[in-house]
Amino acid sequence: MEFIDNIRYKKIKNAVGRAVADFGLIRDGDRIAVAVSGGKDSYTLLHILEGLRRRAPVKYELVAVTIDSGYPGFRSDVIASYLREQGFAHHLETTDHYDIIREKRRPGSSYCSICARLKRGVLYTLAQKLGCNKLALGHHLDDFVETLLLNQFFVGTLKAMAPRMLADNGETTVIRPLVYVEEREIIPFARENRFPVVCCSCPVCGTADLQRRRMKKLLTELEKENPAVKRSLLRALGNVQPRYLLDRELQRLCDVP
Ligand code: SF4
C-alpha cells in the first residue's frame, strides 16, 4: 500500500479512529468487506482502514468488494488492477442490474433508489459469501448531515444514517467509519494520492440528485455565517433530547408516572 503519509492523512485517520472507538465499529476477529465503487470516498475508506489495521491492537481483515451493475463503460478493470497493485484482497461481482432497472423503473422515477437497493442486497449477500461479518461503506460527514436535512425537509422524519447497524439480513453489520470526516478533507486526499477514480457510467453518473444538491448549497451558504454548521448538525445527532420532540412514543417513554 502506497500513499502520501501527511498531515491530511493523519487527520482523516484520527477522525476514523475516533469513530471506531465512539461507536465500537471494529472488534477483534472482524472480517470486513469494504465496498469500493471506484469513487474517492471508498478508496479513502479502504486506505484508512488498512492504515489503522497495521497498527491496531485488535486483529481484523479487509476484503475490498466492487459491484459492476452492468452500466456500459464502467471500468471495473481499472479498480481491480489498482487494488491488486496496492496489495488488497478484492472481489468483483458482475450483475445484470442495468437490465433490471431498464425493465422495472417507472418513467420519471429515480435511477438511484432502485440501483442502490439492488446494490445493497448484493453487498449483503456477498459479505456473507466472503465470510465477512461487517460491511464498511464510504459515507462521510456531509452525507450524514445532508441526509438529516433531506429527511426533515422532504420526508418529515428526524433521521440521518447509522454509523453502525445490523443489516436487514440479520447477519451483516454495516459500518460507516468516515462519519467524522468532511468531504472537503477527502477531495484533496484522493487527488494527492492519485486514486484512479472511475465514473459509475450510469445514466445519472456524477449528478447528485436535485434535492441533495440543494442541501449542499444551503449548507455552503450557512457556512459563510457559521463555519462549524455541519459539525453542529452532526453533534445534534448525538445529543438528542427526546422530551423536547413531538414523537408520542418517545413522549410516553419520557413521561414521569
Ligand atoms: S449514481 Fe448511478 S450508480 Fe450510483 S446509485 Fe445512482 S444510478 Fe446507481
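What follows draws every value from the coordinates through simple rules; no lab data is involved. Quick caveat: nothing in here was measured; it's all calculated off a predicted structure. All Cβ positions, glycine included, derive from the backbone under ideal geometry; neighbour counts span all protein chains shown.
Taking neighbour Cβ counts within 10 Å as the exposure measure, how do Leu141, Leu45, Leu118 sort from fewest upward?
Values: Leu141 23, Leu45 29, Leu118 19.
So the residues, fewest neighbours to most, are Leu118, Leu141, Leu45.
Name the helices (complete DSSP H segments) of the chain with a Cα length along the long axis of 15 Å or more and a Kyte-Doolittle mean of at least 1.6, or state none.
Numbers: long enough: 7-23 (24 Å, -0.22); 40-55 (23 Å, -0.69); 111-129 (27 Å, 0.21); 210-225 (24 Å, -1.43).
Qualifying helices, which must be both long enough and hydrophobic enough, do not occur.
What does the helix-only formula give at 222 nm for the chain: each DSSP H stretch with n ≥ 4 adding -39500 (n - 2.57), the total divided by the residues, and the result rounded to the nearest 500 deg cm²/dmol? Display every interim value, and only then the final one.
Numbers: 10 runs with 122 residues, N = 257.
Result for the chain, helices only: -15000 deg cm²/dmol.
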Over the chain, with a Gaussian network built from C-alpha contacts below 10 Å, which listed residue (Gly87, Gly131, Gly70) shows the highest mean-square fluctuation? Gly87
Length gained, Lys159-Lys224, 0.36 nm per residue minus C-alpha separation, equals 20.9 nm
Computed from the beta carbon distance with a Förster radius of 22 Å, FRET efficiency for Arg235 and Asp255 to the nearest 0.05 stands at 0.25
At a Cα cut-off below 23 Å, give the lysines reachable from Lys40, other chains included and same-chain residues fewer than 8 away excluded. Lys10, Lys11, Lys13, Lys119, Lys134, Lys216, Lys217, Lys230
The chain: relative contact order from alpha carbon pairs under 8 Å, six or more residues apart, as a whole percent, is 23 percent
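Please state the shape class of region 167-219: rounded when a/c is under 1.5, otherwise prolate if a/b exceeds b/c and oblate if not, all from the C-alpha gyration tensor. Don't skip to the end; give the middle numbers.
Numbers: a/c = 1.39, a/b = 1.21, b/c = 1.15.
Rounded shape, in that the Cα axes give a/c under 1.5.
Rounded, prolate or oblate: which fits region 85-213 when a ≥ b ≥ c are the square roots of the eigenvalues of the alpha-carbon gyration tensor, with rounded for a/c under 1.5 and prolate only if a/b beats b/c? Please list the in-between numbers first.
On the way: a/c = 1.19, a/b = 1.05, b/c = 1.13.
Cα axes put region 85-213 in the rounded bin.
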Least to most buried among Tyr82, Tyr71, by other C-beta atoms within 10 Å and fewest first, runs Tyr71, Tyr82
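Thinking of region 21-158 as a set of Cα atoms, what percent of all their pairs are more than 27 Å apart? Spell out each step's value before the answer.
Numbers: 2758 of 9453 pairs.
Here the tail beyond 27 Å accounts for 29 percent of pairs.
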Per the chain, sqrt(5λ) over the Cα gyration tensor eigenvalues, sorted largest first, in Å, gives 29, 24, 20
Other-chain or far-sequence residues with amide H under 5 Å of Ala35's (modelled H): Val65, Ala136
